[in-house]
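Inspection log for the structure reproduced underneath, given as structure tokens.
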Amino acid sequence: MDAGDISTQEPDPTFRQAATYAVTVIVVAALFLGIGAALYDPVPLVIIIVFPLLVLAGAVGALWWTFRTWQAKGRWQIWQGASWFLLALFLISLGGTGSALLDR
């Protein structure tokens with residue numbers, strides 16, 4: 001094979017960007033909950049409620065990136081997958097929040 005046959009085009013970074021975004025949202029929400037649990041013996045209700053809201057905000061942000069990537073004729077499906085993942089995590093964390101609210 002000749003060196004001229006190899007494509008020098010860089011791969012599309014969309015998957016890496018979407019995965020990094022989703023992991024960052026999860027880490028920030030988990031750190032918020034973890035720090036709140038470490039600072040307070042009974043975790044305040046506000047901290048329990050804010051965790052799913054942070055995940056929901058991340059899902060809305062991923063949906064915004066989906067729209068922006070679609071407008072630019074990019075690979076928007078990857079961002080839609082990240083938003084669905086975060087929305088599913090939001091519903092799961094909302095269930096945990098509901099049970100924590102009922103226990104109080």
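Bear in mind these aren't lab numbers, they're just calculated from the coordinates by the rules spelled out. The shown structure was predicted, so the numbers you read here are calculated from the model rather than taken from an experiment. All Cβ positions, glycine included, derive from the backbone under ideal geometry; neighbour counts span all protein chains shown.
Estimated from helical segments only, the mean residue ellipticity of the chain at 222 nm is -28000 deg cm²/dmol, where each DSSP H run of four or more residues counts as -39500 (n - 2.57). Between ILE35 and PHE15, residue separation times 0.36 nm minus the direct Cα-Cα distance comes to 4.2 nm. In this rough spin-label picture, where each label sits 7 Å from Cα along the Cβ direction, the ALA100-VAL43 distance is 0.3 nm. Listed options for Cα extents along the principal axes in Å are (1) 69, 26, 17; (2) 44, 22, 18; (3) 57, 30, 27. The value calculated from this structure is the one marked (1).
Among the chymotrypsin sites (Phe, Trp or Tyr not before Pro) within segment 18-104, those in coil by DSSP and having at most 13 neighbouring Cβ atoms inside 10 Å are TYR40.
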